[in-house]
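Everything below concerns the one structure shown next.
The values are calculated or read from the model by the stated rules, or taken from the named source; none is laboratory data. Predicted, not measured: the structure shown is a model, and the values here were computed from it. As a convention, Cβ positions derive from the backbone with ideal geometry for all residues, glycine included, and neighbour counts pool all protein chains shown. The protein model used for the area step is the full one, side chains on, heavy atoms only, and it has no ligands, DNA or RNA in it. Shrake-Rupley method; radii C 1.70, N 1.55, O 1.52, S 1.80 Å.
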Amino acid sequence: MAVVLWIGVDDTDWAGGGCTTYVGAILIRRLSRLGFRLVGFPRLVRLNPNCPFKTRGNAAVAFRVVGGGVEAAVDAVRGVVEELAGMESEGTEPGAVLLEGEPDEVLRRFYWRALHEIISIDEGLRVAEKVGARVLRWKKGRGVIGALAAIGADLSSKTYELIAHRRPEYWGTVRQIDEESVYRMDEATRPLTFDNVDYETGEIRIAPHTPCPVLFGIRGVSPEAVVRAFRMVEVREPVAMVTVFETNQGTDAHILPMRVSMLRDGVSAMVEGTVVGKPRYDAGGHLFFKISDGTGTLTCAVYEPTRSLRHVASKLMPGDEVTVYGAVKLKPQGLTLNVEKIHVRRVAEIYMGRPPTCPRCGVRMKSLGSFQGYKCRRCGLRKGVEAVELRRVERGLRPGVYEVPPSARRHLSKPLILEDARRRPQASSVCF
Ligand SMILES: [Zn+2]
């Protein structure tokens, strides 16, 4: 029987370039030359987006191979990581994990914790020992945590990302991508692909702006969709490798349903509550509002780059029932949730009072001050406060789910467009 070997790698990125997906893609190809065969899709797993040590996207890579022994794989992993990781870069702490057989519940739980909490290297090492995994570390080797979590990842909800990598001689140069073709691709493949273009800013979202080896990445709901989209993008430079990853991106896996009293610094949560007080802008153009759920009151922040979401949030009024999604941070004003998505569940009916018109003269009466009633300027008729004329306020806000534009979205956040995308049958592996 073929021995299944899982390999996970993380934290090989460095600020000036480098990318764990590139290390993973090269490693898969090197192992294949040694007679190993990839089983299923390699995984690109995003972990706790609020982790203070994270490199750009806090992503780890894992994949499964058969057809060779652990020692040969260990040599290959060591060789590729030492060759490609930004070893001299401060903060780059590569780690790799090799596991014979399939991951169990222990690793599955470890993945969920790595998504929601900050885990120490020591704990990662203890878990690796417990499950009998082989660990390779460089420097402190913090990458062991992501490597283990990626192997244990629960991808019962998943999306795909096709990543095209560049040849080394092109790294750091302007990416030669025909932007018009990206718009056409988006038009033709959305919602089976998503976040290709930010129509609010007119920005192409598939290509990074860093000098890293990624030419572009296309996200979608099926391998077929991302491959079809890839073929529609016109590039004027050679593509070194194309790899389709399965991923927890766009699944909201990082979000935990929580009450206000349970929130703490660094979690990503969805919180149901009622708006209390009116939203207010600060000097920087950021919008703040508060919600209460009976266990406490939470400040919610909608930052300037979130554009249309901020416009929607500015229309909130006390009494509106909402569910907010986002990362919780400890700020001077207390725990604050940075809103990534808001579900307006019920829009409160709000009435404004104004003086009634005089029944004799037909002119608007004058208020005598709060709770003092009204008086007609012309004939002197008086009316009590109960005569107030109530007018329903036109809210200009509908129930529904509102989100940040693609340029402000976190990798793990589920875009609304995915609610519409139909699931397609899956291929077993796409790697070319
Ligand atoms: Zn009158």
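Overview of results
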| item | result |
| --- | --- |
| Cα-based convex hull, the range 47-187, per residue volume (Å³, whole number) | 167 Å³ |
| Binned Cα-Cα distances of the range 226-368, short to long, each 5 Å bin given as a whole percent | 2, 8, 15, 15, 12, 8, 7, 8, 9, 7, 4, 2, 1, 1, 1, 1, 0, 0 |
| Karplus (6.51, -1.76, 1.60) ³J(HN,Hα), θ = phi - 60°, over the range 371-378, in Hz, Gly and Pro reported as x | 6, 9, x, 10, 9, 7, 5, 8 |
| Histogram of C-alpha separations across the range 351-392, 10 Å bin width, % | 36, 54, 10 |
| The range 109-221 - percent relative contact order, Cα under 8 Å, separation 6 or more | 27 percent |
| Pairs from K315/K383; K290/K414; K278/K414; K290/K375 whose Cα-Cα separation, in the structure shown, is over 31 Å | K315/K383; K290/K375 |
| Accessible-area composition of the chain, carbon plus sulfur, in percent [1.4 Å probe] | 50 percent |
| Number of Lys pairs (Cα under 25 Å; 8 or more positions apart or on different chains) in the range 41-193 | 5 |
| Helix-only CD estimate at 222 nm, as mean residue ellipticity for the chain, using -39500 (n - 2.57) per DSSP H run (n ≥ 4) | -6000 deg cm²/dmol |
| Rg [Å, one decimal], Dmax [Å, integer] - the range 276-329, C-alpha atoms | 10.8, 31 |
| Residues of the chain: accessible area per residue with a 1.4 Å probe, Å² | 46 Å² |
| The range 208-271: equivalent-ellipsoid semi-axes (sqrt of 5 x gyration tensor eigenvalues, Cα, Å) | 35, 15, 8 |
| Loop chymotrypsin sites (Phe, Trp or Tyr not before Pro), the range 22-100, which have at most 13 other Cβ atoms in a 10 Å radius of their Cβ (DSSP) | F53 |
| Within the chain, percent of DSSP bridges classed antiparallel, to nearest 5 | 90 percent |
| Loop trypsin sites (Lys or Arg not before Pro), the range 219-325, which have at most 12 other Cβ atoms in a 10 Å radius of their Cβ (DSSP) | R236, R264 |
| The range 72-145, relative contact order in percent, only Cα pairs under 8 angstrom and at least six apart counted | 43 percent |
| Gyration tensor (alpha-carbon) shape descriptor, the range 159-247, a/c threshold 1.5 | oblate |
| For the chain: rounded, prolate or oblate by the Cα gyration tensor [a/c cutoff 1.5] | prolate |
| Between the range 287-325 and the range 113-136, the Cα center-to-center distance that results, in Å | 37 Å |
| Exposed GluC sites (Glu not before Pro) absent: longest stretch of the chain, with sites in DSSP loops and at most 10 other Cβ within 10 Å deemed exposed | 91-348 |
| Separation between Cα centres of the range 57-71 and the range 138-171, rounded to whole Å | 10 Å |
| Long-range HN-HN contacts of L256 with modeled amide H, under 5 Å | S268, A269, M270 |
| Amide H contacts of Q176 (H built 1.01 Å from N, under 5 Å, at least 5 apart or other chain) | R236 |
